[in-house]
Structures are given as structure tokens and as C-alpha cells.
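Have a look at the structure below before the remarks.
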Amino acid sequence: MITLEHIYWLTGLMMAGVALVNSRDFTNPRRFNNTAFWGIYAITFLIGSHLPDLASGFLVIGMVLVASIRGLGQGKTESTSRAEREASARRWGAKLFIPALTIPFVTVLGTFFFKKITLDGSPLVDVKQATVISLAIATLIALAVGMAMLRPPLSAPIREARRLLDAVGWAAVLPQMLAALGALFAIAGVGNVVSGLAQRWIPLDNPFVVVLTYTMGMAVFTMIMGNAFAAFPVMTAGIGLPLIVQRFGGDPTIMAAIGMLSGFCGTLMTPMAANFNIVPTALLELPDENAVIKVQVPTALLLLAANILLMNFLVFRR
Amino acid sequence: MLTLIGIVIVVIGFVLGMNPLLVVTVAGLATGIASGLGPLAVVAAFGKAFITSRYVAIVWLVLPVIGLLERAGLKERARSVVAGLRAATVSRILLAYFAIRQITAALGLTSLGGHAQMVRPLIAPMAEGAAENQYGELPDRVRHKIRAHAAAVDNIALFFGEDIFIAIGSILLIKGFLDQNGIHVEPTQLAIWAIPTALCAFIIHGTRLLLLDRWLRTELARKQGET
């Protein structure tokens, strides 16, 4: 059976390859920093499941120190020039889209069908992780299609992966780091402290004020945690259920649905949601790492206002 | 109260523009210590949480393919496709992607988009290509704004589309949490009540996208007036 562990091995091999390419790139003055950073990251994928927690912790701290003390660099060589790429684009035409579109196509197909395939009675893939495993398999198929079609040097995929990953830099690890921070916040009970503060300081005897506190609280707490999933249990247990549902007789379904979406408005406005807001600025080579957030803030605020009104009119309608 | 030290560190660190990896690590360690764990126990908890969150990084597996195709001219091709469509404008391309992304997400097909898979290789070059078509070479500021909009479209359409699908993580989280609190709701009901917000998102962001063409026109007309 293909499980998440196998996909981690694959990711680890890719990271190790990126480290190796970096170690031999003399155009990058900080090539050993890059090698160390991606090399340690590779270890966490290859053997992370068997490492003692303390060892993993020190590996992570090692990565952070490498990335923050002297920083990562970037090699200067481009594999092909703009003129070569334009010539190649003319030569291949629309066929270039085939491998690119293979990824989403096979991923979606895989989430439906990989679950149903069985070998000797056990499923081919771990059903609980079908989407992520499908994505990994889809990239392998797309890579095979691309290699067969374009016939580049065998080292091209890993060199190109290195180019893109170094363009993203440490931001590539930030989403995972923030997920770890969320787990520590949960252990420490940060959420209970916050909802306790809200209950103590905000006058909660008017249904509209309660709705306002719950929706805005979802947005603000999501901005702090970077994730609406972390904010939802805290705000709903602290304010939503005791006040909106029990005291004012609101509908729990409507409250929960719109409450979660109010949290998503917060996700659009915070650098803590790094995979949505910071990683794309690196991927798109934008100089301002808040560029995507700035574009999203007007929509997020208008939509939060819409959510407040929607909840106020819908949740108490019985 | 001391448990909130992590939040304070994160806010200060981001405001001062320090390396976010360092800020987050320090915030995590400080939060753990403030909650009464020993230093080694905190490092171990952080390591464990990092290892269990590795699934977040699997999206990077697409980079070898995307890089390979970029090397062969994928972005250039995406631009020239748009150059052949005279009706293509930045607003229309982004609005079309927004609609497709939101509808497919509502059908549970959340993996049809993404910044690494779709926005960088296809959507952003298409939008830039449309603007170049109309206005010629773009100043960097305008180019960067178009790219940021392309990334934002992917996020907003995903967030306010996916909750209409009943088997998505957030719906299951809501159901699980309410079940624990003795309230039993139907996932289909949760999904239905996500629709009003989804429509508002389409109207609000769709309007902003339509205004983008107008912004480009005045912005680039002024630019040409200056030179």
C-alpha cells in the first residue's frame, strides 16, 4: 500500500537532490548555507518518522539558524535564455500544456479512483490521504510525460526544481513551521486565554454585539494563528455556543458555517497564513512580500462585513 | 496571560521585518516555556509538531515538472496564447479563472488550482500577456500588481468555494466539533449555508476584478502621458 511515508521519501529525495545541486553551484556565494538548509530538510523527510522528537527539534532549530544568521543565497545561472525559451515555445506550441494540465487532471481523477483499486485485498493507496498521494503520483506521471516529450538532459528536472525552490527560499518551510507553532499554541492553551479575555471585556448582552464579537473574533484570531481551523474551536466554544446558541437561541448550523467563513476572511489578511499569502509572492518573484495581502484586504473586509450582516439576519430567524 | 507571549513575539517580529522562520521558532519555544514545559521538552514538542506537519510541503513535488516546462518555454507559450485572443483583458482572464476555480472548488475539485501548479506557470503569464497586448511593455509596478491579483484570485475563489462541498476539511471539522458538544448537524446543511457568503465573495471580488482594467487604463495612460 502506498502511504504518506512513501511520499515523504520522495520529497526527501528531491530535497536531497536540491542540496546536492546547490553544493556544486559556484555562482552562489552562500552555496553551503543552501546545501545545509535543504540537506537538513531532506533528513526530516527521509528518516523523520523514526527520529526521536528531541533530535527533530534540534534539526529544525539548525535549519532556522542557517536561514536566519547568514541567510540563503541564489545561483545566477539560468538553464535556457529567453530567446531559447521563445523558440522552444513556438516549436512545441500547445503541447507544452499537456504535462502541466496532467497534474490537476490526474490528481482529481486519483482522489476518486485510487481509493477503489485494491491489490490482494488491501487498497493501493492509504484512503485517508488519497488527495495528497494522488497529487504526488500525478506529478510523477506529468514528469514522465514531460521527459518523454521534451527529452532534456536527465538532470534537468532536479536542476529546475533547485532553481524554483531557491527562488522561494526559506518561505518554502514557513507554512510547516507555522503549523508547528499552532500545535504549541494548542498545548499551551492560548485559545482559552483569548476567549476568556473577550468574555471579560466585551459587553455581550445584545445579540448583534455577540454576532459582531464572534465573527470579528474568528477573523482576528485566524490572523493571529494563521489558520481558521485553529480559531474555530476556541471562538465557538468561548462565544458562539454559550452566547449565540444557548443564550439567544441562534441556529448552530448557520452560526458555524458563516463563522468559519469569517475566519477565512482573516486568512486573507495575515502573513501567518504563509502558504496562501507569502509563498506566492516568492513564487511570482514579487519584491514586496505583503503584495498579495494588500490586494486581498479590501475584499476580505467587505466580505467580513457581509458575513456579519448575513449571520445577524439569518442565525436568529426562527 | 504569560501564555500569550508567543503572539506578542510574532506580532513584533513581523512588524520589525525579522526573518519569519526565526520569529516563529522563538515564539514557539517561548510559548512552550511560558506554559511550564522544560526547555528540552519544548524543543521536542516543536520537533514533533514539525514532523507531523510535513504533509504541508508535499506541494513542492510539482516543482521539477513545472521547472522543466518553464525551461521549455511554458510561460512564453501561455503569453502568446493570450496574444492571439483580442478579447482577452486582465479583468476578463482573472474573472474567468475566478469563476472556474470557485465552481470547481465547490464541486470538491480543490486541487485543480494552486500557486505553484497554475498561477505561476499559466494564469499570471496569461494576465500579463493580455496587458502587454493592450499596452505594450509594462512598468514593473503594474506587472507586480497583476501577479499579486492572480495569486489573490486563486486564494479567494478557493476559500469561498470549497465550503460548499460537503466532504471538505473545514466542514468535517465543524461537524466533529459540534458533535463533541452534543449538537448534531448535517454536512449538507452546513454546505448550503456557505452559499450566501460564496455569492457575496463572487460579487465583491468580481466587481474589483472588473475595475482592474479601468485602473490599468488610467495608470498606463498617465504613464504614457509622462514620457
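Overview of results
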read-out: Those residues of the stretch A:191-203 which are out of contact with any Pro (no Cβ under 9 Å at 6 or more places or on another chain) and touching a residue at least 24 places away in the same chain (Cβ under 8 Å), in sequence order; value: A:ASN192, A:VAL194, A:SER195, A:GLY196, A:ALA198
read-out: Cross-chain or 6+ apart pairs with Cβ under 8 Å, the stretch B:94-107 first and part of a helix (DSSP H, G or I), then buried (at least 16 other Cβ atoms within 10 Å of the Cβ) and among the acidic types (Asp, Glu); value: B:TYR97/B:ASP154; B:ARG101/B:ASP154; B:ALA105/B:GLU162; B:ALA106/B:GLU162
read-out: Residue in the stretch A:77-89 that is more than 25 Å from B:VAL82 (Cα to Cα), out of contact with any His (no Cβ under 9 Å at 6 or more places or on another chain) and not charged (D, E, K, R) present; value: yes
read-out: Listing of helices (runs of 4 or more DSSP H) fully contained in the stretch A:217-302 that carry 1 or more residues being modelled with pLDDT of 90 or more; value: A:252-267, A:274-277, A:279-283
read-out: Residues satisfying the stated conditions in the stretch B:11-39, i.e. in a helix (DSSP H, G or I), closer than 22 Å to A:ILE69 by Cα and facing chain A (nearest Cβ under 7 Å); value: B:PHE14, B:PRO20, B:LEU21, B:LEU22, B:VAL24, B:THR25, B:ALA27, B:GLY28
read-out: Flag if A:ILE187 is farther than 20 Å from A:ALA274 by Cα, assigned by TED's automatic domain parsing to the domain that holds A:ARG91 and assigned to a helix (DSSP H, G or I); value: no
read-out: Filter result (within 30 Å of A:ASN275 (Cβ to Cβ) and either in contact with a Cys (Cβ under 8 Å, 6 or more places away or on another chain) or loosely packed, with under 15 Cβ neighbours inside 10 Å (or both)) within the stretch A:197-217; value: A:LEU197
read-out: Candidates B:ILE66, B:ILE103 - the one that is within 21 Å of the chain's Cα centre (by Cα) and closer than 30 Å to B:LEU138 by Cα; value: B:ILE66
read-out: Residue in the stretch B:28-40 that is farther than 30 Å from A:LEU54 by Cα, among the β-branched types (Val, Ile, Thr) and out of contact with any Ser or Thr (no Cβ under 7 Å at 6 or more places or on another chain) present; value: no
read-out: Test: residue in the stretch B:181-195 that is under 23 Å from A:ALA237 (Cα atoms), under 21 Å from the mean Cα position of the chain (by Cα) and assigned by TED's automatic domain parsing to the domain that holds B:GLY114; value: yes
read-out: Residue check, A:GLY57 crowded, with 20+ Cβ neighbours inside 10 Å, of a type outside the set (A, V, I, L, M), more than 7 Å from chain B (Cβ to nearest Cβ) and farther than 23 Å from A:LEU283 by Cα; value: no
read-out: Every residue from the stretch B:96-120 that is more than 11 Å from chain A (Cβ to nearest Cβ), among the aliphatic types (A, V, I, L, M) and surrounded by 21 or more Cβ atoms within 10 Å (Cβ to Cβ); value: B:ALA105, B:ALA106
read-out: Filtered residues of the stretch A:154-166 (kept if farther than 13 Å from B:LEU69 by Cβ, at the interface with another protein chain (Cβ under 10 Å from one of its Cβ atoms) and not β-branched (Val, Ile, Thr)); value: A:ARG159, A:ARG162, A:LEU165
read-out: Filter pass, A:THR236 being over 22 Å from B:MET18 (Cβ atoms), within 9 Å of chain B (Cβ to nearest Cβ) and surrounded by 24 or more Cβ atoms within 10 Å (Cβ to Cβ); value: yes
read-out: Conditions (1) over 27 Å from B:ALA83 (Cα atoms); (2) surrounded by fewer than 23 Cβ atoms within 10 Å (Cβ to Cβ); (3) out of contact with any Ser or Thr (no Cβ under 9 Å at 6 or more places or on another chain): number failed by B:PHE165; value: (3)
read-out: One residue from A:LEU135, A:LEU109 being under 26 Å from the mean Cα position of the chain (by Cα) and surrounded by fewer than 16 Cβ atoms within 10 Å (Cβ to Cβ); value: A:LEU109
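Residues are listed down the side, and each one gets a yes or a no for (1) under 19 Å from B:ILE156 (Cβ atoms); (2) within 7 Å of another protein chain (Cβ to nearest Cβ); (3) among the hydrophobic types (A, V, I, L, M, F, W, C); (4) buried (at least 20 other Cβ atoms within 10 Å of the Cβ):
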| position | (1), (2), (3), (4) |
| --- | --- |
| A:PHE248 | no, no, yes, no |
| A:PRO252 | no, yes, no, yes |
| A:GLY266 | yes, no, no, yes |
| A:ALA291 | yes, yes, yes, yes |
| A:LEU301 | yes, no, yes, no |
| A:ARG317 | no, no, no, no |
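Let's see how each residue does on (1) among the small types (Gly, Ala, Ser); (2) modelled with pLDDT of 95 or more:
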site: B:MET118; (1), (2): no, no
site: B:GLU132; (1), (2): no, no
site: B:GLU137; (1), (2): no, no
site: B:HIS149; (1), (2): no, yes
site: B:ALA157; (1), (2): yes, yes
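The values are calculated or read from the model by the stated rules, or taken from the named source; none is laboratory data. Keep in mind it's a predicted model, so treat the numbers as computed, not measured. Virtual Cβ from ideal backbone geometry, glycine too; neighbours counted across all protein chains shown.
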